Amino acid sequence: RMHKNMMVLMGSVFAMSKLDLESPVATQMLRMGFLMSCMYCIIAYWWTFMVIEERKDRTAFEAKPAMNGRPAVYMAKYDYDMQRLVEMVKGYMLWIVGVAFLHFNMKAVRPVFLTIMMTPNNATENALFKIHLLGLDDSEESELCRPWPQETFLSNLGIGTQQLQRRPRPP
């Protein structure tokens, strides 16, 4: 995943160097692409929400293992998924507001171009999308078993993150 995102980022930077992004026509096209990218992600998050609501999987899993004499914390998959979806949507909205601020107040077009290229990829690479919309396995033995590491913009780019290590199977 990290390599794929870095390849999209590097390809986007290369494309930016070859295109005239400052012309009025290019700016209008970037704005339209930005709106389309935003709509794509909002629809993906809404669709994920609808599928989570429809399934309402109340299966419990160990959200936090027992440590230092504290008992393990168990959580329903539905509650965990909704919590993560809300976090993702909040982060996405904050990102969109930041990019819009940079574009309209500071006349920066490069963040808009990068958002157009990276956002749809990141929206479809998260675990919720893979489990609920693509139907991938989320059992204890799979790579998508809960809990997942926190995702940030930098982790989506592969910066400063540790690779996911598979948890050992329970005996």
For the condition under 26 Å from residue 143 (Cβ atoms), at pLDDT below 90 and of a type in the set (Val, Ile, Thr), what is the one hit in 8, 86? 8
Any residue at all in region 37-49 that's in a strand (DSSP E or B) and without any contact (Cβ under 8 Å) to a residue 12 or more places away in the chain? no
Under 7 Å between Cβ atoms, which residue pairs at least 6 apart in sequence (or on different chains) link something in region 53-66 that is farther than 12 Å from residue 80 by Cα with a partner that is open to solvent by less than 70 Å² (accessible area, probe 1.4 Å)? 65/72; 66/72
Restricting to region 60-118, give me the number of residues that are part of a helix (DSSP H, G or I) and open to solvent by less than 70 Å² (accessible area, probe 1.4 Å). 25
When region 119-133 is checked residue by residue, the ones that are assigned to a helix (DSSP H, G or I) and polar (S, T, N, Q) are 119, 121, 122, 124
Scan region 65-75 and give yes if some residue there is closer than 16 Å to residue 49 by Cβ and among the aromatic types (Phe, Trp, Tyr), otherwise no. no
Per the list (1) closer than 27 Å to residue 125 by Cα; (2) open to solvent by 60 Å² or more (accessible area, probe 1.4 Å); (3) not hydroxyl-bearing (Ser, Thr, Tyr), residue check on residue 5 breaks on (2)
Cβ pairs under 7 Å, 6+ apart or interchain, first in region 122-143 and within 22 Å of residue 63 (Cα to Cα), second small (Gly, Ala, Ser), ordered by first then second residue, are 129/44; 129/123
Residue 20 - would you say it is open to solvent by less than 70 Å² (accessible area, probe 1.4 Å) and assigned to a loop (DSSP other than H, G, I, E, B)? no
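The values are calculated or read from the model by the stated rules, or taken from the named source; none is laboratory data. This one's a predicted model, so the numbers in the text were calculated from it and none came from an experiment. Glycine also receives a Cβ, built like all others from the backbone with ideal geometry; neighbour counts cover every protein chain displayed. Note: accessible area is taken over every heavy atom of the protein model, side chains too, but ligands, DNA and RNA are not part of it. Shrake-Rupley method; radii C 1.70, N 1.55, O 1.52, S 1.80 Å.
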